[in-house]
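Here is the structure we will look at.
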Amino acid sequence: MNSSGAAWQQLIAGLHASGRKAALAITGGGSGAIAELLRVPGGSRLLIEAQIPYDAQALAMFLGFAPAQASSADTAIAMARTARARAASLAPANSDGGAELVARDLVGLGATAALVSDRPRKGEHRFHIAFANAAGIAHCTCVMAKGRRDRAAEEDLVSRAIVLWLARACGVVVPSPHSLLDADEHYAETVLPPVDAPTDTIDQLLAGEVDRLTVQPDGQMMLSAPQPVVLFPGSFNPMHEGHVSLAQAAEELRQQPVAFELSVTNVDKPPLAGETVRQRLAQFTWRAPVELTRAPTFVEKARLFPGTTFVVGADTAERLFGSKYYGGDEDRMHMALEEIANSGSSFLVAVRLDAAGRVRALNDIPVPRRYADLFSEIPEHHFRVDTSSSEIRARTRSSA
């Protein structure tokens, strides 16, 4: 399909009229898709935003983690998920259907490519495009014939493929991106589930449509449960006796029930998959409530749960004062701690062994005086369990 022809213009006009709201993230190549979409009048009905996180650091900041490989299906999927989450936070409620209808109509698209460069490329010339919508996630991958096209021609091909894949995400009937390729070039795509496939509340959280989901011990899920007074964040991979004992110690000291918190997004790792979230949740069945969130940092947790006491190990508490966790910016560290303090949140700190096997407690941490009131200690005689999830995983791998 000629990108300058009437049929192409009509396709894009149909995309604008699809009733969907989309956020795009494109890196490595194919940014011309944004111009293609905006060249036809009506783009504001479709596009919420379009980003080009081209540099490695920009991409890591957009995703919230540094991907193992920039040009990969996993990265495109992570970009699509993040783009849809941004769309959910930016889109206004639909006037006739409210926020629920908007969530159904939100689309995130991520595209990443490795194309002709000014330096010889050892690997394949390829692109990966993914979309995330209310039905789930789908992606396509192409390996182009090396040397067949110059940079401009590869850019044009990827741009058109992005538009076609976005149209597919928006329910517009269009040719497959495969139609743009020569017969000898490799192409693969996922099989799309039905457009009206239902999603459960966990999927909504993973898609960024909600920021917090409370899962009760009996499995009941609530979007607006009362806020916990004491919260124990962690990855719980797996949950073990130390977690249980620490929660009990915190309950005794605070005379309040403890809820657990699992963030589905992480600062330096990919977002958790739905299956992984459900497996970790199963550990808490008939034991304790769990707050599922999209809040990887304590600043974000404090925004979701102002006035809450967070139960942490001394190793975690110490990281709150490590400037490297704030990009080496000490001012950012102070801003974060000030915001946590102003939210009324605080920390209950337990003894932990560090990587060198040393016992670390609150008094081993150089807490600046201005933040001293944020922290209280769980005495070692009240709680100390040296088991860690990483040790359990290592033993499991060794025995396997």
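Assess whether Ala83 counts as being out of contact with any Lys or Arg (no Cβ under 6 Å at 6 or more places or on another chain), at pLDDT below 85, of a type in the set (A, V, I, L, M) and crowded, with 21+ Cβ neighbours inside 10 Å. The answer is no for Ala83. Residues that are in a loop (DSSP other than H, G, I, E, B) and surrounded by 17 or more Cβ atoms within 10 Å (Cβ to Cβ) do not occur anywhere in the stretch 122-133.
Against the conditions (1) at pLDDT 95 or above; (2) among the hydrophobic types (A, V, I, L, M, F, W, C); (3) more than 25 Å from Phe305 (Cα to Cα), Ala183 satisfies every one except (1). Among the residues of the stretch 165-179, those that are outside any loop (DSSP other than H, G, I, E, B) and touching a residue at least 60 places away in the same chain (Cβ under 8 Å) comprise Leu166, Ala167, Ala169, Ser179.
Checking each residue in the stretch 7-48 for being within 23 Å of Gly208 (Cα to Cα), assigned to a helix (DSSP H, G or I) and of a type in the set (Lys, Arg) picks out only Arg45.
Residues in the stretch 211-233 include at least one that is within 20 Å of the chain's Cα centre (by Cα), within 30 Å of Ala317 (Cβ to Cβ) and open to solvent by 30 Å² or more (accessible area, probe 1.4 Å). When the stretch 26-47 is filtered for residues that are open to solvent by less than 50 Å² (accessible area, probe 1.4 Å) and either under 12 Å from Val107 (Cα atoms) or of a type in the set (Lys, Arg) (or both), the ones remaining, listed by number, are Leu46, Leu47. For Ala130, indicate whether it is in contact with a Phe, Trp or Tyr (Cβ under 9 Å, 6 or more places away or on another chain), hydrophobic (A, V, I, L, M, F, W, C) and modelled with pLDDT of 85 or more. In short, yes.
Candidates in the stretch 1-25 are the residues that are in contact with a Phe, Trp or Tyr (Cβ under 8 Å, 6 or more places away or on another chain) and at pLDDT below 95; of these, the one that is surrounded by the most Cβ atoms within 10 Å (Cβ to Cβ) is Met1.
Looking for whichever is surrounded by fewer than 19 Cβ atoms within 10 Å (Cβ to Cβ) and in a loop (DSSP other than H, G, I, E, B) here; the options are Ala188, Ala183, Ala152. Which one fits? Criteria check complete, one pass: Ala183.
Scanning the stretch 100-127 for residues being modelled with pLDDT under 90 and among the polar types (S, T, N, Q) gives a total of 1. Consider the stretch 371-397 and keep the residues that are open to solvent by less than 100 Å² (accessible area, probe 1.4 Å), farther than 24 Å from His334 by Cβ and part of a helix (DSSP H, G or I). The one that is modelled with the lowest pLDDT is Thr396. Of all residues assigned to the stretch 324-334, none qualifies as being over 28 Å from Met61 (Cα atoms) and open to solvent by 40 Å² or more (accessible area, probe 1.4 Å). Candidates in the stretch 284-322 are the residues that are under 15 Å from Ala259 (Cα atoms) and among the charged types (D, E, K, R); of these, the one that is surrounded by the fewest Cβ atoms within 10 Å (Cβ to Cβ) is Arg287. Restricting the first member to the stretch 16-33 and to residues that are under 14 Å from Glu49 (Cα atoms), and the second to residues that are among the hydroxyl-bearing types (Ser, Thr, Tyr) and in a helix (DSSP H, G or I), the beta-carbon pairs closer than 8 Å and six or more apart or on different chains are Ala25/Thr82; Ser31/Ser159; Ala33/Ser159. Go through (1) open to solvent by 20 Å² or more (accessible area, probe 1.4 Å); (2) touching a helix residue (DSSP H, G or I) at 6+ places or on another chain (Cβ under 6 Å) one by one and return the number of the condition Met61 breaks. It fails just one condition, (2). When the residues of the stretch 317-330 are filtered to those that are in contact with a Lys or Arg (Cβ under 8 Å, 6 or more places away or on another chain) and within 19 Å of Gly234 (Cβ to Cβ), which remaining residue is modelled with the lowest pLDDT? So the residue we want is Tyr325. For Leu246, indicate whether it is touching a residue at least 60 places away in the same chain (Cβ under 8 Å), under 25 Å from the mean Cα position of the chain (by Cα) and surrounded by 16 or more Cβ atoms within 10 Å (Cβ to Cβ). Spelling it out, it is not the case that Leu246 is touching a residue at least 60 places away in the same chain (Cβ under 8 Å), under 25 Å from the mean Cα position of the chain (by Cα) and surrounded by 16 or more Cβ atoms within 10 Å (Cβ to Cβ). Scanning the stretch 101-121 for residues that are charged (D, E, K, R) and either farther than 29 Å from Ala273 by Cα or crowded, with 22+ Cβ neighbours inside 10 Å (or both) yields Asp118, Arg119, Arg121.
Within the stretch 316-370, the residues that satisfy the criterion of being assigned to a helix (DSSP H, G or I) and over 24 Å from the mean Cα position of the chain (by Cα) are Glu318, Glu330, Asp331, His334, Glu338, Ala341, Asn342, Leu362, Asn363, Asp364, Arg369, Arg370. Does Arg254 satisfy being surrounded by fewer than 17 Cβ atoms within 10 Å (Cβ to Cβ), more than 28 Å from Ala83 (Cβ to Cβ) and in contact (Cβ under 8 Å) with a residue 24 or more places away in the chain? Criteria met by Arg254.
The values are calculated or read from the model by the stated rules, or taken from the named source; none is laboratory data. Just so it is clear, the model here is predicted, and its values are computed rather than measured. FYI the Cβ positions are ideal-geometry reconstructions off the backbone, even for glycines, and counts take in every protein chain you see. Side chains included, ligands, DNA and RNA excluded: accessible areas come from the protein's heavy atoms. Shrake-Rupley method; radii C 1.70, N 1.55, O 1.52, S 1.80 Å.
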